[in-house]
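**Q** Shown below is the structure under consideration.
Read-outs: derived from the displayed coordinates by stated rules, not from any lab. Owing to the predicted nature of the structure, the values given are computational and were not obtained by experimental measurement. FYI the Cβ positions are ideal-geometry reconstructions off the backbone, even for glycines, and counts take in every protein chain you see.
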Amino acid sequence: MFTAILIDDEIHCTETLQEKLMLYCPQVEIVGVFNDPQLALAALRKGSPDVVFLDVDMPRLNGFALLEQLGKADFEIIFTTAYDQFALQAFKMSAFDYLLKPVEKEDLLKCMEKLKTRKGGTITDDQLQILMQHMHHTVQSDKAKIAIPTMEGLEFFYVRDILYLEGQSNYSRIHTKDGKSILVTKTLKDFEESLGQYQFFRIHLSYYINLAYVKKYIRGDGGSVVMENGAELDVSRRRKDDFIRALAI
C-alpha cells in the first residue's frame, strides 16, 4: 500500500484524480486532499506520505515554491501539469514523474508501476534545481501552454495566442489572436501568477496584456494602448512609467 496526498488549487482536478486512483489503483490510500497549497505545506511539515501528487501551476504558491519552502522530504513526487510535450522534457531530464492533465488511466497506471520500484525516495535540492532550470528554459518557448478550467473540463491555450485578459470582478475574459473571447472563473491576479514569467504586463486594474501584441501607445494622463486586434485599452496613471520601461525591454 502507498499513502498519498493530492495537491491542486482546482477542486475538479483533485476530485477527478481521487476518483481515478480509487477506481484503478486500490493500492493507493489517499490520506489528504488539498486545494490550498499553504495548508498542504503545513500538513507535509507534520508528516510525509509515500507519494505526493503535486500541481505545478497554482496561484500564490506554485508547486516548485512549495517544495523549496518544504526543503528535503522523504516522499516520492508526481507532478500534475498542463504543460505541453515540449516542456515535459524538463521533468524527464530531472528524473521526476509527471501526469499530464487531463490525467489518463494508462498514464496513471504507468506511474504506479514505476512507483513500486522506488518507494521511499528523497527529493534533493539538486534534483529540484535541475528541474527548475529546465522548466525556466522550456516555458519561455513559443510552444508553452496554459490550461484554463471551463464547465466541460480544461481548455488548453498556447501562451503566444493570448492577446490580453480583461478582469471582470471574480472572472477574467481571455481575448485570443483568432478573435475568441472566453469568460473563465479566475481573477487577473491568478493569471499574473501563471503568466508572469512570460511577456505580459498589468497595465490597469482591468487589463493584463501580452506585450508582443501592442500596436501603438497613445499618450495621455495614463495613456492607452492599441492592440493588434484594434482594441484600445486604458493604461492607469500609476502603471504608466513601468509600462513604458517594459515596452523598451
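**Q** Please turn the phi angles of the range 145-153 into ³J(HN,Hα) values with the Karplus equation 6.51 cos²θ - 1.76 cosθ + 1.60 (θ = phi - 60°), one per residue in order, whole Hz, x for glycine and proline.
**A** Per residue, the Karplus-derived 3J(HN,Hα) values read 10, 10, 9, 10, x, 10, 4, 8, x Hz.
**Q** Using Cβ counts within 10 Å as a stand-in for footprinting exposure, how do 151, 112 rank, fewest first?
**A** Values: 151 7, 112 18.
Listing 151, 112 from fewest to most nearby Cβ atoms yields 151, 112.
**Q** Please rank 15, 152, fewest neighbouring Cβ atoms within 10 Å first, as an exposure proxy.
**A** Listing 15, 152 from fewest to most nearby Cβ atoms yields 152, 15.
**Q** Using the beta-carbon distance between residue 215 and residue 1 and R0 = 51 Å, what value does 1/(1 + (r/R0)^6) give for FRET efficiency, to the nearest 0.05?
**A** It comes out at approximately 0.30.
**Q** Quick one: which of 105/186; 72/110; 189/240; 180/240 span more than 22 angstrom between C-alpha atoms?
**A** 105/186; 72/110; 180/240
**Q** Label points 7 Å out from Cα along the Cβ direction at residue 19 and residue 113: separation in nm?
**A** 2.5 nm
**Q** Please arrange 173, 219 by counting, for each residue, the other beta carbons lying within 10 Å of its beta carbon, fewest first.
**A** 219, 173
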